[in-house]
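Here's the structure, in structure tokens; my notes come after.
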Amino acid sequence: MTKKFTQTHEWAEYNGETLSIGITDHAQSLLGDVVFIELPKVGQSLHAGEAFGVVESVKAAADIYAPMTGIVAAVNNDVVQNTALLNQSPEDKAWLIQLIPSAPSEWDQLLSLDSYLSLFHQE
Amino acid sequence: MTQKTALYDQHIQLNARMIPFHGWFMPLHYGSQLQEHHAVRTSTGVFDVSHMTIIDILGPPARQLLRTMLTKDIDQLKHVGKGMYCCMCNTHGGIIDDVIVYQRKPDNYRIISNSATKHRVMSWIQEMNNGFSASIQHRTDLSMIALQGPHTFNILSSILSPAEQDALSTLAPFESFERGDRFFARTGYTGELGVELILPDEEINTFWSLLLNAGVQPCGLGARDTLRLEAGLLLYGQDMDETTSPLESNLSWTIHWTPSERNFIGKSALEAQKEQGIQRTLVGIALKDPVIMRPGQTLYDEHRPIGKITSGSFSPTLNHTIGFARIQKDHLNPIYIDIRNKKYIVDLVHPRFLTSHTKGS
């Protein structure tokens, strides 16, 4: 499955039915050790670009934004119990939520890996 | 121009995340600041603190210069090697810096001050020295590291000479000794047992490598901040500055009012403040909810804002957020903080959050 990205450092993986969402390795390295995480509840509806949670590291708090519009189908309790997972495996084990997208064409708006990486070579 | 310490290449080799810090490239962490914090609390960690300012003040006029500039009386350093922590104030009683000063020999003193205040402190000392003409030496040829943690002395026993180990074992907190060009002081900024060492730049890399080979964890500024906060230690520029008095910073104890004939800079302003009554106090704040308090956040009682968080972070040892705040003494209880538009009631606690850990500091 291809991963796509947002300007706000989320990654998304779409299997045609559900969208898995997390934060990128770049984001976790900027944040440092994550200590708290606030995630939405299953059943909550989100709009693309809307903040759906907060990741708080010792250094700073950062909002997490929905890459696509949809309903929350699953929340990763492993990450809530063990926030260090976000630093260790941000793009694999530490997926944050799964969404059922209501506007699948929004997937085309997301960034490819190359486009995402080129963003911070300019920063 | 941002400077590199003599240990810079070592930090890069260890994959440290480097950040610019008051004119110096310093390691923020070497992978995980939480892991580094725990290493200092449970075994030993080492910090490159070569960004701090080392100023030697020499000659017969040094004593009176320091008696004029510092809130404590330098005459209280009754023997060679003894050191003390105190403030340097301006004429309004505002704090220019907090410093540690050691007597190396009669007429030979060493001040350690913060990197944030380097220029201000150097020009202030030069200005005060006009009437005294002591010799002032800014020691840019020296590097400093802090070895901190319960296993500090075990680690050093495998590295130091028998004579050095012997001298080290007799040191009380805030005392120092020197052997050749090595300066050792029983001080630290973590609340743990520890030693700060000053060595010439040419020797620091070898010594650092010996420590790492002995199993010491390199630690960066991230861990340094959470460790000192837990231990109740203040950070200049955040918890106090030239607009705050020692009397509203939990630093009244750093003032020697006697002998009354000693007139130090800021004394009359501080006496006037005492007379009028101090309105604000620096307190410890704790919150068990899953959020982190940050500097600048406002505290309220039910009627009004009563002050702000000066230092706020996460305590890895206690596993919740802690901070210091300067608040109005006449506040009501309970006290609230607003974080991301949600109100939380906070606990007022003693600023030494880890009382069982503050042995030996």
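The values are calculated or read from the model by the stated rules, or taken from the named source; none is laboratory data. Source: prediction; values computed, not measured. Cβ atoms come from the backbone with ideal geometry, glycine included; neighbour counts cover every protein chain shown. Just so you know, the surface numbers come from the protein's heavy atoms only, side chains and all, with ligands and any DNA or RNA stripped out. Shrake-Rupley method; radii C 1.70, N 1.55, O 1.52, S 1.80 Å.
Tabulated results
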item: Accessible surface ranking that places the most exposed of B:Trp257, B:Trp124, A:Trp107 first, with a 1.4 angstrom probe; result: B:Trp257, A:Trp107, B:Trp124
item: Computed accessible area, A:Thr6, all protein chains, 1.4 angstrom probe, square angstrom; result: 20
item: Modelled FRET efficiency - R0 41 Å, B:Glu127 with B:Tyr336, Cβ distances, 0.05 increments; result: 0.40
item: Those lysines that a straight Cα-Cα span of less than 20 Å connects to B:Lys118, excepting residues fewer than 8 apart in one chain; result: B:Lys4
item: Estimated vicinal HN-Hα couplings, Hz - segment A:21-38 in sequence order (Karplus 6.51, -1.76, 1.60; Gly, Pro = x); result: 10, x, 9, 7, 4, 4, 5, 5, 6, 5, 6, x, 4, 7, 10, 10, 9, 10
item: Area of B:Tyr102 that stays accessible when all protein chains are in place (1.4 Å probe, Å², to 10); result: 0
item: Exposure rank, largest accessible area first [B:Tyr300, B:Tyr189; 1.4 Å]; result: B:Tyr300, B:Tyr189
item: Accessible area of chain B belonging to carbon and sulfur atoms, whole % at 1.4 Å probe; result: 50
item: 1.4 Å probe, heavy atoms, protein only - residues of segment B:1-39 losing at least 10 Å² accessible area vs chain alone; result: B:Arg17, B:Leu28, B:His29, B:Ser32, B:Gln33, B:Leu34
item: Cα-Cα over 20 Å, subset of B:Lys274/B:Lys329; A:Lys59/A:Lys93; B:Lys82/B:Lys274; result: A:Lys59/A:Lys93; B:Lys82/B:Lys274
item: Sequence-distant residues sharing a close amide H with B:Ile339 (under 5 Å, placed H); result: B:Tyr344
item: Residues of segment B:233-274 with amide N under 11 Å of the 7 Å Cα→Cβ point at B:Lys78; result: none
item: Accessible area, probe 1.4 Å, largest first, for residues A:Asp108, B:Asp289; result: A:Asp108, B:Asp289
item: Estimated buried accessible area (total), pair B and A, 1.4 Å, Å² to nearest 100; result: 1200
item: Prolate/oblate/rounded call for chain A, Cα gyration tensor, a/c under 1.5 rounded; result: oblate
item: Shielding of B:233-244 by partner chains, average beta-carbon count, 10 Å; result: 0
item: Separation between Cα centres of segment B:141-191 and segment A:36-96, rounded to whole Å; result: 46
item: Peptide ranges B:172-179, B:230-237 listed from the most packed, as the mean C-beta count within 10 angstrom indicates; result: B:230-237, B:172-179
item: Å² per residue, accessible surface of the protein assembly as shown at 1.4 Å; result: 43
item: Globularity ratio of the protein assembly as shown, using Cα Rg and 2.2 N^0.38 Å; result: 1.11
item: Expected 222 nm ellipticity per residue - DSSP helices of 4 or more, -39500 (n - 2.57), all of chain B, to 500; result: -6500 deg cm²/dmol
item: Heavy-atom accessible area, 1.4 Å probe, ligands and nucleic acids excluded: residues of segment A:20-58 down by at least 30 Å² from chain alone; result: A:Ser29, A:Asp33, A:Val35, A:Phe36, A:Glu38, A:Glu56, A:Val58
item: FRET efficiency, 1/(1 + (r/R0)^6) with R0 45 Å, evaluated for A:Leu30 and B:Glu261 via beta carbons; result: 0.20
